[in-house]
Structures are given as structure tokens and as C-alpha cells.
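Take a look at the structure set out below.
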Amino acid sequence: MSDSSKAFFERANAMIQLANQQNQDKEVKTGEVSASFMYALARYNAWFGSTSFESQEQMESKKQEMLDYYVAEYRKNLENNLDDYIEHFDHYRSTQK
């Protein structure tokens, strides 16, 4: 694994760890943590997308392109992770107990 791949997974795991910590709060439902996580990612990506434009009009003209990109990437990642969980269902469920 390259250093950049290792750093990628370390960043992702740090965010997952934060979500898991929030899941420990018995007053917060797991779905609420998931919704907050998705909102934060969407907000961050909207900000990140804005950094490559000089004006509101430029950003607006690329809105659909950005939506298509982010939705396709999320879908690809979600499909890959769902497939992984299906393939290793018993293993993952046994480590979550």
C-alpha cells in the first residue's frame, strides 16, 4: 500500500471512528449519526467545489456536472462497500458485537 493510499484510509477511518463514538450515545440513533455524516460530507463538498470558481455564475453553470460527479462517486463507493459487507457479512457482524 502506498503512503497516499495509507493516508487516504487513515483519514476515512478517523471519520468512521468519530461516527462510531457518536453512536455510543444512547440518546442518539444510528440513523441520526448517518444523516449528520452525509450532511457534513455534502456541505464539505459544496465548499470544496466552490474553491475552483471565481464567481457565483461560474459555479452555477457547473452545478449539474458537480452533482453528477459526486452522486456517481458516492454510488460507486456505496455499491463497493455494500458488496463487501454482503460478502463478509458473518465476519463483520461478529466483530460488531
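Here the chain is described by how far its Cα atoms reach on the three principal axes: 51, 37, 25 Å, from widest to narrowest.
Please give the calculated 222 nm ellipticity per residue for the chain, where each DSSP H segment of at least 4 residues contributes -39500 (n - 2.57) and the sum is spread over every residue; nearest 500 deg cm²/dmol?
Values: 5 runs with 80 residues, N = 97.
Value at 222 nm, helices only: -27500 deg cm²/dmol.
Of the trypsin sites (Lys or Arg not before Pro) found in segment 9-52, those that fall in a DSSP loop while having at most 16 other beta-carbon atoms within 10 Å are K26, K29. Computed from Cα positions, the angle between helix 3-23 and the longest principal axis of the chain comes to roughly 70 degrees.
Evaluated over the Cα positions of segment 54-97, the convex hull gives a direction-averaged projected area, one quarter of its surface, of 4.5 nm².
Cβ-Cβ distance of A42 and N80, R₀ of 22 Å, FRET efficiency by 1/(1 + (r/R0)^6): the value works out to about 0.65.
No lab work stands behind these numbers, since they all come straight from the coordinates. Owing to the predicted nature of the structure, the values given are computational and were not obtained by experimental measurement. So basically every Cβ, Gly included, is an ideal-geometry build from the backbone, and we count neighbours across all protein chains shown.
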